[in-house]
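First the structure, in the form of structure tokens, and then the observations on it.
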Amino acid sequence: PTKITVERKRPFLFDDMNDIVLPDKSFIPAIDITNLLLRSLPQRNGVHGKKQFASVFYGRDAVEDFMQLFSFLPSRTSAVEFGRYLQRRGFFHHVTGNYLFDDNNHFFRLQPFHEPEILNSFVLWKDGRGNNIVDTDPLRTLEGLIRAADEILSSVTDSFSGLVDYEAAKKQYLFSEFERDVSKLQAAKLEGMIVRKRLAFFINVHNVMVTHALIKHNLTKLEPKFYDSVKYRIGDHIYSLNDIMHGILRSNKIPPKKCVAPFCCSDKRINLALDMQDRRIHFALNLGTRSSPGPKFFFRPESINEELTVASQRFCSEDENVLINEKKHELVLHKVIKWHLSDFRSSKSEVPGIILPFLYDERKKALARMIDKNKKIKIKYHEYDWATNSIAGEDTMHCSRDAMYCSTTSMSSSSERSTEALSASPVRVGGSHNLNGTITIQGKRSLSLSV
């Protein structure tokens, strides 16, 4: 393994959230430590207490690895001390949480493998002493995430077809930073949020989750179970996409083709559910498919009402969503309206009047004339395209809860691929970078890292 040479002058200074400060006051970003450990620690499958665990490592192997990686660790004892700091910071965990890190045969697992079903668990958001941090402005965090996601995707989107190379997106160092920053939502403080902030927060976080899942797993086609499988830890609770859409934004309504509401009366998440739902959310949510790409902008709480109206107008202005055929006295609508018809009106006959305010110019006049005839408007629905905008072919991985989100083996292979980004990630030692944006760290093996 690459040797990071830092002269040991005094004990470690572990008091920064994003960086590990070394004895000479140089530092290594926490995200680079995660990528370095993903690359260097030997992963295996192991059995503990008659239960099998994937992607684990022995404590003794990590001690040897630490001593080879970091020259400021002169002994196995100091390597154990450093390992316990990393464990306290949440870089890795004992597989059952029962043991401190030590120079022995106990099994430990890196954080990206520890909760593979939680998408924003690449790192744990803790301070330098391992304490949880409270994010008092999670909307600002989301704004930065949406801006970063847009920058990532813009660089890998084909200008002619609009298709996205998610595999290339995943290898960007900016995506590693995105995975670090999205982990901050673990510390989001949502209690006491006023309604418009709650509404904006959960619309934005839903759209971030969808984009995150598409990049992380390079999906070419989705299935309904996708919306149960993609999950974030937000504050003290875990939310799936369906929890957010139906539990929070739709005021805990029963999802289509299901029998029960997302939250029972004893579920603490129900306290965050909106008291009144707004049908315009259906025009603001990104569902990840070609039929429902959703808007890419950040919804601000202070202007959420106006922005939802704009999103609704944009949605309804496209024939792929609302097709008006005055000659046939026919309206062809997006499937999302059919799935959530009760959010619009109790019957299909009332839907044209709901759509009308979101139209303009000739389209609005045409529908108004159809309504004025007092003749029943025939309503049909467009076919729904479950394909994503991935540039990958049909032979790539399709969404499967069992294979994609709940399998630690699948997560292991995905994370191994993601560590390829290490070759393009900065490991800053002593804070020095040369002019061409490359750092070369000398040791038993030299490694050039592009900034």
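Would you mind stating whether residue 82 is aromatic (Phe, Trp, Tyr) and more than 30 Å from the chain's Cα centre (by Cα)? When the stated conditions are applied, residue 82 does not pass them. Checking each residue in segment 238-257 for being without any contact (Cβ under 8 Å) to a residue 24 or more places away in the chain and in a strand (DSSP E or B) picks out only 240.
Among the β-branched types (Val, Ile, Thr), farther than 30 Å from residue 124 by Cβ, free of Cβ contacts under 8 Å to residues at least 12 places away in the same chain and assigned to a loop (DSSP other than H, G, I, E, B): does that describe residue 260? For residue 260, the condition - among the β-branched types (Val, Ile, Thr), farther than 30 Å from residue 124 by Cβ, free of Cβ contacts under 8 Å to residues at least 12 places away in the same chain and assigned to a loop (DSSP other than H, G, I, E, B) - is met. Look at residue 352 and say whether it is under 27 Å from the mean Cα position of the chain (by Cα) and either within 27 Å of residue 148 (Cβ to Cβ) or not hydroxyl-bearing (Ser, Thr, Tyr) (or both). No, not satisfied.
Here is a yes/no grid of residues against (1) outside any helix (DSSP H, G or I); (2) touching a Cys at 6+ places or on another chain (Cβ under 8 Å); (3) crowded, with 23+ Cβ neighbours inside 10 Å:
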residue: 159; (1), (2), (3): yes, no, no
residue: 167; (1), (2), (3): no, no, no
residue: 182; (1), (2), (3): no, no, yes
residue: 200; (1), (2), (3): no, no, yes
residue: 207; (1), (2), (3): no, no, yes
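Counting only residues that are in contact (Cβ under 8 Å) with a residue 40 or more places away in the chain and of a type in the set (A, V, I, L, M), segment 164-175 holds 2 of them.
Restricted to segment 218-237, and to residues there that are part of a loop (DSSP other than H, G, I, E, B) and open to solvent by 60 Å² or more (accessible area, probe 1.4 Å), the residue that is farthest from residue 157 (Cα to Cα) is 236. Between 84, 44, the distinction of being surrounded by fewer than 19 Cβ atoms within 10 Å (Cβ to Cβ) and either modelled with pLDDT of 90 or more or among the β-branched types (Val, Ile, Thr) (or both) belongs to 84 only. If you check 288, 294 for being buried (at least 21 other Cβ atoms within 10 Å of the Cβ), on the phi > 0 side of the Ramachandran plot and outside any helix (DSSP H, G or I), only one passes: 288. When residue 35 is tested against (1) at pLDDT 85 or above; (2) polar (S, T, N, Q); (3) in contact with a strand residue (DSSP E or B) (Cβ under 8 Å, 6 or more places away or on another chain), exactly one condition is not met: (3). Please work out which residue is farthest from residue 304 (Cα to Cα), limiting yourself to segment 263-280 and to residues that are charged (D, E, K, R) and in contact (Cβ under 8 Å) with a residue 60 or more places away in the chain. Going through the qualifying residues, I end up with 275. When 101, 178 are screened for being open to solvent by less than 10 Å² (accessible area, probe 1.4 Å), without any contact (Cβ under 8 Å) to a residue 40 or more places away in the chain and touching a His at 6+ places or on another chain (Cβ under 9 Å), only 178 passes. Within segment 266-285, the set of residues being open to solvent by 20 Å² or more (accessible area, probe 1.4 Å) and either out of contact with any strand residue (DSSP E or B) (no Cβ under 8 Å at 6 or more places or on another chain) or under 25 Å from residue 147 (Cβ atoms) (or both) comprises 266, 267, 270, 271, 272, 275, 276, 277, 278, 279, 280.
Looking only at segment 333-376, filter to residues that are part of a loop (DSSP other than H, G, I, E, B) and charged (D, E, K, R); which one of those is farthest from residue 242 (Cα to Cα)? If we take residues in segment 333-376 being part of a loop (DSSP other than H, G, I, E, B) and charged (D, E, K, R), then 373 is farthest from residue 242 (Cα to Cα). In the set 319, 372, only one residue is more than 28 Å from residue 142 (Cα to Cα) and open to solvent by 90 Å² or more (accessible area, probe 1.4 Å); that residue is 372.
The values are calculated or read from the model by the stated rules, or taken from the named source; none is laboratory data. Keep in mind the model is a prediction, meaning the values are calculated, not measured. Glycine also receives a Cβ, built like all others from the backbone with ideal geometry; neighbour counts cover every protein chain displayed. Please note that ligands, DNA and RNA were not included when accessible areas were found on the heavy atoms of the full protein model with its side chains. Shrake-Rupley method; radii C 1.70, N 1.55, O 1.52, S 1.80 Å.
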